[in-house]
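Worksheet: the structure to be examined is printed underneath.
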């Protein structure tokens, strides 16, 4: 079965790779690292190695056995474009996604230039299949270069996760972006998200016709601050980029 998840914007997670290394301030209080390190040294536990990078070849074909179409977050516990993941293994992940085209696969990365280069080389001028969505995580204006890399990737469905949002993004060109997810940090050392930072992104999305999803305020726990922004729940979802055969079967 798919791994169930409490992440509001997806149905399931698939982790053919686990573990990662920090690449920016958005990683400082990584929930995945915090979870994995709890189990370091426990014999036979999936995270016996803690958050060290690990490939799981036996998980590569899992989505092929999931009959019901679903939204699948790829590598919620890692980054598929980590420099230490062999290209051949990334190829195998993409081969599975291409075959399991009844699902929508959502890939998020902070290693955006590697993602752009890989996707453009793999698919060329034809572009990636419409059921494979590519996204980048952006925590502050200093990391908007990831947006430029995403916009240069030949993929029909692009999205951004502004989570944890650690500062004002300011004016932003969202050309070619279908969806934006915004959320504050959660956990014992959570850094607060200012209301104005979220509002300016919501307004930018509204102005530029980008679907806006407000995930959480964050705090000690993910649900500490609730999900309302200015008294409303924002559950925008890019239905227009979901392939029609899949859209008819997804519960979105």
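For region 74-104, a residue qualifies if it is touching a strand residue (DSSP E or B) at 6+ places or on another chain (Cβ under 7 Å) and without any contact (Cβ under 8 Å) to a residue 40 or more places away in the chain, and the qualifying residues are 81, 97. Among residues of region 8-33 that are surrounded by 17 or more Cβ atoms within 10 Å (Cβ to Cβ), those with a beta-carbon under 8 Å from a residue that is modelled with pLDDT under 95 and not in a loop (DSSP other than H, G, I, E, B) at least six positions away or on a different chain give the pairs 12/3; 12/4; 13/3; 14/3; 15/3. Criterion applied to 144, 165, 114 was being under 17 Å from the mean Cα position of the chain (by Cα) and either surrounded by 22 or more Cβ atoms within 10 Å (Cβ to Cβ) or without any contact (Cβ under 8 Å) to a residue 24 or more places away in the chain (or both), and the one residue passing it is 165. Across region 34-66, the qualifying residues are those that are part of a loop (DSSP other than H, G, I, E, B) and touching a helix residue (DSSP H, G or I) at 6+ places or on another chain (Cβ under 7 Å), and the one among them that is surrounded by the fewest Cβ atoms within 10 Å (Cβ to Cβ) is 61.
Residue count for region 97-110, restricted to those that are in contact with a helix residue (DSSP H, G or I) (Cβ under 9 Å, 6 or more places away or on another chain) and surrounded by 19 or more Cβ atoms within 10 Å (Cβ to Cβ): 8. Looking at 189, 227, just one residue is in contact with a strand residue (DSSP E or B) (Cβ under 8 Å, 6 or more places away or on another chain), surrounded by fewer than 20 Cβ atoms within 10 Å (Cβ to Cβ) and more than 17 Å from residue 137 (Cα to Cα), and that residue is 227. Among the residues of region 203-222, is there at least one that is on the phi < 0 side of the Ramachandran plot, in contact with a strand residue (DSSP E or B) (Cβ under 6 Å, 6 or more places away or on another chain), surrounded by 19 or more Cβ atoms within 10 Å (Cβ to Cβ) and in a helix (DSSP H, G or I)? Within region 203-222, one or more residues are on the phi < 0 side of the Ramachandran plot, in contact with a strand residue (DSSP E or B) (Cβ under 6 Å, 6 or more places away or on another chain), surrounded by 19 or more Cβ atoms within 10 Å (Cβ to Cβ) and in a helix (DSSP H, G or I). Residues in region 70-97 that are over 18 Å from the mean Cα position of the chain (by Cα) and over 20 Å from residue 18 (Cβ atoms): 0 in all. Each residue in region 224-252 was checked for being within 17 Å of residue 181 (Cα to Cα), assigned to a loop (DSSP other than H, G, I, E, B) and free of Cβ contacts under 8 Å to residues at least 24 places away in the same chain, and 1 of them qualify.
The values are calculated or read from the model by the stated rules, or taken from the named source; none is laboratory data. These numbers come from a predicted model, not from an experiment. A quick note on method: Cβ atoms are made from the backbone with ideal geometry, for glycine too, and the neighbour counts reach across all protein chains shown.
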